[in-house]
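This report refers to the structure that appears directly beneath it.
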Amino acid sequence: MFTQPIGVAHYLVVGAILFVCGIVCMTTKRNTIGILMGVELVLSAAILNFVAFSQPAFRVDQEASLGIDGHVFALFAIVLAAAEAAVALAIALNYYNNHSTIDVDRAQDLQG
Amino acid sequence: MNLDRMLPLLLGGAWLLPLLAFAIIALGGHYLKKTSSQHRAGFLSTVAILGSFVLAVVAFSMWVSDQGLGEPHHGPEFERAQLEENQTPIQLAALAEEGEAEHAHDGVFSVSGVWYIWAQVGEQKFEIGYYIDALTICLFVMITLVASCIHFFSLGYLQEELETGIKDHLVATSAGEPFERVGRQHRFFQYLSLFCFSMLGLVLAGNLLMVFIFWELVGICSYFLIGFYFERKAAQDAANKAFLVNRIGDLGFLVGIMALWGVLGTLTFGEMSTKLAELAPETQQQASPNKTTIQAASFLQDEEAKATNDEETADWNVGLLILAGLGIFCGCVGKSAQFPLHVWLPDAMEGPTPVSALVHSATMVAAGVYLVARCYPLFTEEVLLVIAYIGVITLLMAAMMALVAVDIKRVLAFSTISQLGYMMLALGVGGWSAGVFHLITHAFFKSLLFLGAGAVIHALHHEQLLIRMGGLRHKMPWTAGMMFVGCLAIAGAGIPGLDWGLSGYFSKDALLAQAYAFAQVNPSHVYLYWLPLAGKALTAFYIFRLWYLTFAGKPREKKLYENAHEAPLVMLIPMMVLTYFAITAGWQIPFTPSSVTTILEQALPAVASFETPWAAALNYPAEYLSHQYHTKIAWTAIATAGTGFLLATIFYVWQGLRPDEVQKQFGPLFRFLQAQLYLNEVYHFLFVRPLHGIARACSWIDRHLIDPFVDRMAKGTVNLARLEDQGDRKLIDRPIDWMSASFYDLAVQLKATQTGMIRQYLVFLVLGTVGFFFIVGYLWQL
């Protein structure tokens, strides 16, 4: 793997690492902001996969398209991530207003 | 002016107006009652019937201007002699033309048609149609006129029904107090309007089926009105009796209709004469059976048998025709209270007096006479003979019962039965126009008499017994005077020399003359003349007995007499109108040679000239032939009536003979008559008691055979239901309960997984996803 030129597999490995980092970050952090960071990491991993799979070698209709579908998706995802972050931060702010903390373990209102 | 179009329109309107009033009162009576003036219902009915009267009069005048008043009929010889004497050739030609035109439609001009086809079965149609001829028009005017008068009278007579608390002294509650109830004048007028509608419909009807429908409708109105004071036991019984006795007659009527349908194939009046004409030659062909007839038998194919079969068909047809005639007359016997079904009419006097005047003397009971007149061509000689004899029996029997009746209304009721007997007699001996003429004059003077009786009863606060009245002429001079005129009219008073008299004089004269003419040519039936003549004396006697006992002499009950008062104007004016007609209904119309009779004669049907196999070889003298006897009969009749009048005066004014002594002398006869020949008891024994027995047996079977069975069934059903209930609980409810309980437990257990810890959820999510992919991947490899 290390002798080969950079290919899709390398990107996927990076993406996977990023994804796992994000998951670990989400599950370990008690801070809401930290969880948000993890979410961003997971999103980034997904976006990286989009970009990686948009490379010409994977395409069969090269003449008919510009070959930037993955990039467009990536851009959309980034915009959505920004919006999501805004909403999530608003939740965090409200949560703080109500509970005077942003520790998610203290939020057990949904307990059955 | 188009008679064909206008007459149905006018008479149809006159017919439907009372129905409108009925519908408004029946549907809105509650609101009419609630408003301050309860009179509204009465006014509505009165206005409706007045409108009908106006329409009828318009129709009558149109008829007269188109058809003329009719000429007095003196027979061909007389006419020819007159023509030869003083007619110009032009007039002769015109008269001849007229004769031909008359011939063209069989002498009777009529307007008939169909409004609506009710049902159609193959070729047969059941129609709602009309048949209008001179008879219809005259009866329309008579009915609406009498009904209008009686509506006005009722407004006064039933004044007390407007109050909210009426004490009915004839009904006692369990506490012994007089029964108190709310007045129901609106209901009275509702039924009165329904009655007018039904009666007019009966006269207007275009076929026998329609007649039957309205026949039943007037019957039910009569039932309602007799039972107007339905809290009284006597009124209930009387209403039931009238209804049930009429059912017997109606059964015969229905059989007659079916028989007629079988023989003629039509019930429409307009078609009957042509169908009869088709039938007549056939029946007369029996001598020459070789001729083929219209109704050749289809049962037997054999040509040789055909000849005899034709003869059988003819016999069969005549038999059916006789059955039809007798059946229809049976209906008339019930409705017109002829012997032996007359028993309901005296009891029907339980109704309010205006009802007795309108329904039970002037119109409804005359419907039977009307029907006989309408179906006249159908009756064979045998049937006519039966009609005549039933009429004679009825008139004599009822007149004798009227002699001993003590209730003022019952005297008049018996008198009505007797007069109806006269009409039937006249029709039975071939005096069509005499019978119908008497129907019309009788309607006027008898409703006058009833209204007078009503005024007396009203004045005496519902006292009806003659023996408690007397001397009332000082208190009620107008009523007394008008009733005296009515009495003179019914007795047939007149001056034969001048040929002047009250209406009853003319009609009874025509009637007796016809009976005399009949007896002349059929010597074996001479009693058909002598008995009615005797009845005339009885009529005069009982009617003046009534008048003397009520108005003459000294008051027998001081208290009643002191409280008596003259009737109010609203009651007196209708009586005056009726008095006018009771006097003049028989007179010649000024400046013409015509009278009511000649108008009626425009509808004179031809007597069926059937040679029936069982005919008693009767001769029916044409009506104009009886005119030669008029003067003679008039003298005889006036002498007889005068005897009756004289006897009544001797009995009750001069006191020459004491009624109670005569009563003692003729004790058995007196009691026999007073008990109405014990017919009620006989009927009770023959029909009512067996019927009660059957009813009791049915009740026993019901209780002891059917009820236990039904009870068992019910109990079985209850047990079955209980079993099923148990099954329901144990087999169906329990598993369902267990299922729901276990689901609940499961849910309680699963609740623990909902920790509310976000990070834990996330871990589960991730682990779940990863696990899912592992499984998928593992399965993929397989």
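Matching residues to (1) open to solvent by 10 Å² or more (accessible area, probe 1.4 Å); (2) farther than 29 Å from residue B:237 by Cα; (3) modelled with pLDDT of 90 or more; (4) not hydrophobic (A, V, I, L, M, F, W, C):
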| residue | (1), (2), (3), (4) |
| --- | --- |
| B:362 | no, no, no, no |
| B:386 | yes, yes, no, no |
| B:447 | no, no, yes, yes |
| B:451 | no, no, yes, no |
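Just to be sure I understand the filter: pairs with C-beta atoms under 9 Å, separated by 6 or more residues or on different chains, first member in region B:131-154 and polar (S, T, N, Q), second member not in a helix (DSSP H, G or I). Which pairs pass?
Partner pairs satisfying both residue conditions: B:136/B:110; B:136/B:111; B:136/B:130; B:136/B:603; B:154/B:352.
Mind checking which residues of region B:160-211 are under 25 Å from residue B:574 (Cα atoms), in contact with a helix residue (DSSP H, G or I) (Cβ under 8 Å, 6 or more places away or on another chain) and open to solvent by 60 Å² or more (accessible area, probe 1.4 Å)?
B:187 - this is the single residue of region B:160-211 that is under 25 Å from residue B:574 (Cα atoms), in contact with a helix residue (DSSP H, G or I) (Cβ under 8 Å, 6 or more places away or on another chain) and open to solvent by 60 Å² or more (accessible area, probe 1.4 Å).
Of these, B:581, B:591, which one is at pLDDT 85 or above, open to solvent by 30 Å² or more (accessible area, probe 1.4 Å) and under 30 Å from residue B:132 (Cα atoms)?
B:581
Where residues in region B:730-782 are within 14 Å of chain A (Cβ to nearest Cβ), outside any helix (DSSP H, G or I) and not small (Gly, Ala, Ser), which of them is surrounded by the most Cβ atoms within 10 Å (Cβ to Cβ)?
Out of the qualifying residues, it is B:757.
For chain A, list the helices (runs of 4 or more DSSP H) that sit wholly inside it and hold at least 1 residues that are of a type in the set (Asp, Glu) and more than 14 Å from every other protein chain (Cβ to nearest Cβ); which are they?
In chain A, the matching helices (runs of 4 or more DSSP H) lie at A:32-53, A:69-99.
Being without any contact (Cβ under 8 Å) to a residue 60 or more places away in the chain and outside any helix (DSSP H, G or I) is the filter here, so list the residues in region B:496-533 that pass it.
Hits for region B:496-533 are B:500, B:526.
Report whether or not residue B:718 is within 14 Å of another protein chain (Cβ to nearest Cβ) and either farther than 30 Å from residue A:27 by Cβ or open to solvent by less than 80 Å² (accessible area, probe 1.4 Å) (or both).
no
Just to be sure I understand, how many residues within region B:483-495 are in contact (Cβ under 8 Å) with a residue 40 or more places away in the chain and assigned to a helix (DSSP H, G or I)?
Residues meeting the conditions: 8.
Hey, does region B:443-450 have a residue that's among the polar types (S, T, N, Q), closer than 30 Å to residue B:167 by Cα and touching a helix residue (DSSP H, G or I) at 6+ places or on another chain (Cβ under 7 Å)?
Yes - at least one qualifying residue is present in region B:443-450.
Looking at B:695, B:721, B:714, can you tell me which residue is of a type in the set (Gly, Ala, Ser), within 60 Å of the chain's Cα centre (by Cα) and under 30 Å from residue B:241 (Cα atoms)?
B:695
Restricting to region B:544-572, what's the tally of residues that are in a helix (DSSP H, G or I), among the hydrophobic types (A, V, I, L, M, F, W, C) and in contact with a helix residue (DSSP H, G or I) (Cβ under 7 Å, 6 or more places away or on another chain)?
9
For region B:642-708, please list each of the helices (runs of 4 or more DSSP H) lying entirely inside it that holds at least 2 residues being open to solvent by 50 Å² or more (accessible area, probe 1.4 Å) and under 29 Å from residue B:486 (Cβ atoms).
So the answer is B:659-665, B:667-674.
Matching residues to (1) on the phi > 0 side of the Ramachandran plot; (2) hydrophobic (A, V, I, L, M, F, W, C); (3) surrounded by 17 or more Cβ atoms within 10 Å (Cβ to Cβ):
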position: B:479; (1), (2), (3): no, no, yes
position: B:486; (1), (2), (3): no, no, yes
position: B:498; (1), (2), (3): no, yes, no
position: B:521; (1), (2), (3): no, yes, no
position: B:532; (1), (2), (3): no, no, yes
position: B:550; (1), (2), (3): no, no, yes
position: B:553; (1), (2), (3): yes, no, no
position: B:560; (1), (2), (3): no, yes, yes
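The values are calculated or read from the model by the stated rules, or taken from the named source; none is laboratory data. Computed from a predicted model, the values in this text were never measured in an experiment. In this analysis, Cβ positions are derived from the backbone assuming ideal geometry, glycine residues included, and neighbour counts consider all displayed protein chains. All accessible areas refer to the heavy atoms of the entire protein, side chains included, with ligands and DNA or RNA removed. Shrake-Rupley method; radii C 1.70, N 1.55, O 1.52, S 1.80 Å.
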